[in-house]
Amino acid sequence: MGIRQKLLSFLFSQLILVLMVSNHSNAMGLKLGYYHKTCPNAESIISKTTYRFISRAPTLAAPLLRMHFHDCFVRGCDGSVLLNSTKTNISEKDANPNQSLRGYHVIDAVKSAVEEACPGVVSCADILALVARDSVSMIHGPYWKVPLGRRDGRVSILNEVFAELPAPFANITQLKQMFAAKGLNTKDLAVLSGGHTIGTSHCLGFTNRLYNFTGKGDTDPSMDPNYIVKLKQKCKPRDTTTLVEMDPGSFKTFDDAYYTLVAKRRGLFQSDSALLDDPETKAYVILQASTHGSTFAKDFAESMVKMGQVGVLTGNQGEIRKHCALVN
């Protein structure tokens with residue numbers, strides 16, 4: 001093999017290596033205290049502004065946490081879920097699974113407070129990661145340190161949501177594959193599903209389990225029949241407006257009750273029940289249900305840090321948006 005071929009072969013192998021580690025190395029570009037010099041009060045401004053909203057409306061915590069999750073699973077944690085549609089493009093925000101997200105006004109208020117202090121420094125992607133963390137900790141959930149330095153993406157495409165975001169109807173095989181594609185393992189799946197301890201869902205997310213599970217007017221056999229009776233009282237077959245608590249009785253508090261419900265076959269979504277269909281996720285559900293969530297808070301914090309590093313843009317990639325709903 002001549003020197004030229006050797007060089008080309010070497011360069012090609014290096015390129016493959018770069019592509020393999022780019023996701024990981026970008027995450028390495030994030031660090032704690034990233035704005036320490038450029039905007040020293042950023043985290044405190046974000047926390048105070050978030051508290052102003054969560055203290056008055058604690059139910060906003062759940063959609064803000066989900067917003068971060070929905071952002072990270074499509075194009076990585078780049079703030080693409082925050083972008084408005086334009087005349088030529090329908091964005092992620094308008095995809096069906098994102099229609100139930102609320103709290104964009106919180107992100108906008110936080111961004112304008114931060115811009116006032118340090119114009120053009122803090123990204124919307126970082127703001128979303130911090131607001132999600134602060135919201136959870138403000139409703140008695142865990143607190144975790146968020147590595148920062150994400151840049152904002154310039155692209156947001158509706159159809160990518162359906163391909164990338166795990167659906168409430170997903171089975172355990174699909175869920176594990178979708179998480180693995182983001183560098184998240186089976187334990188992360190079991191842990192992050194625990195985010196359903198807060199929030200509500202429209203009946204549409206689970207009525208197929210109550211009325212027409214296999215197209216024969218039947219119910220989902222993996223759901224507790226007594227719970228089905230209760231849910232039928234709240235949700236009629238074509239109900240698109242009623243909201244149901246994901247974790248009845250403590251849907252405003254971040255706790256471990258979700259796992260007790262799933263263990264009793266009372267998870268609201270198929271994707272919740274699916275956790276009982278895999279030995280590792282089932283063992284995690286049983287562990288938390290039987291020990292009052294002994295490791296859940298610590299595990300959730302760790303998995304959130306990991307999820308917050310999925311596909312991030314760093315360095316000179318992307319931009320720092322002036323307004324979170326619009327590219328510069």
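The values are calculated or read from the model by the stated rules, or taken from the named source; none is laboratory data. Computed from a predicted structure; not experimentally measured. Here the Cβ positions follow ideal geometry from the backbone for every residue, glycine too, while neighbour counts run over all protein chains shown. Ligands, DNA and RNA are excluded from the accessible area calculation, which covers all protein heavy atoms including side chains. Shrake-Rupley method; radii C 1.70, N 1.55, O 1.52, S 1.80 Å.
Considering the conditions (1) over 30 Å from ALA125 (Cα atoms); (2) of a type outside the set (Ser, Thr, Tyr); (3) open to solvent by less than 60 Å² (accessible area, probe 1.4 Å), VAL244 is excluded by exactly one of them, (1).
For (1) of a type in the set (Asp, Glu); (2) within 19 Å of ALA95 (Cβ to Cβ); (3) over 16 Å from the mean Cα position of the chain (by Cα), each residue gets a yes or a no:
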{"residue": "MET178", "(1), (2), (3)": "no, yes, no"}
{"residue": "THR186", "(1), (2), (3)": "no, no, no"}
{"residue": "SER193", "(1), (2), (3)": "no, no, no"}
{"residue": "SER201", "(1), (2), (3)": "no, yes, no"}
{"residue": "LEU204", "(1), (2), (3)": "no, yes, yes"}
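Filtering region 149-174 to residues that are aromatic (Phe, Trp, Tyr) and either touching a strand residue (DSSP E or B) at 6+ places or on another chain (Cβ under 8 Å) or exposed (fewer than 14 other Cβ atoms within 10 Å of the Cβ) (or both) leaves only PHE162.
Just give me the residues in region 173-201 being closer than 21 Å to SER135 by Cβ and of a type outside the set (A, V, I, L, M, F, W, C), in sequence order. Listed by number, the residues that qualify are ASP188, SER193, GLY194, GLY195, HIS196, THR197, GLY199, THR200, SER201. If you check LEU175, LEU192, LEU204, LEU148 for being farther than 30 Å from PRO279 by Cβ, in the same structural domain as ALA283 (by the TED database) and hydrophobic (A, V, I, L, M, F, W, C), only one passes: LEU204. Look at region 191-209: where a residue is within 13 Å of GLY141 (Cβ to Cβ), no partner that is assigned to a loop (DSSP other than H, G, I, E, B) and of a type in the set (Lys, Arg) sits 6+ places away or on another chain with Cβ atoms under 6 Å.
If I filter region 123-144 for residues that are of a type in the set (Lys, Arg), more than 13 Å from the chain's Cα centre (by Cα) and either modelled with pLDDT of 95 or more or outside the structural domain of LEU276 (by the TED database) (or both), do I get at least one hit? Scanning region 123-144 turns up no residue that is of a type in the set (Lys, Arg), more than 13 Å from the chain's Cα centre (by Cα) and either modelled with pLDDT of 95 or more or outside the structural domain of LEU276 (by the TED database) (or both).
Taken together, the residues in region 251-262 that are open to solvent by 40 Å² or more (accessible area, probe 1.4 Å) and part of a helix (DSSP H, G or I) amount to 1. Going by the structure shown, is GLY315 open to solvent by 10 Å² or more (accessible area, probe 1.4 Å) and either modelled with pLDDT under 95 or part of a loop (DSSP other than H, G, I, E, B) (or both)? Yes: the conditions hold for GLY315. Regarding ALA95, is this residue outside the structural domain of ASP256 (by the TED database) and closer than 21 Å to CYS39 by Cβ? Answer is no for this residue.
Please determine whether any residue of region 94-107 is of a type outside the set (S, T, N, Q), part of a helix (DSSP H, G or I) and in contact with a Cys (Cβ under 6 Å, 6 or more places away or on another chain). Within region 94-107, one or more residues are of a type outside the set (S, T, N, Q), part of a helix (DSSP H, G or I) and in contact with a Cys (Cβ under 6 Å, 6 or more places away or on another chain). Taken over region 193-241, the criterion of being closer than 15 Å to SER100 by Cβ and surrounded by fewer than 16 Cβ atoms within 10 Å (Cβ to Cβ) is satisfied by ASP239, THR240, THR241.
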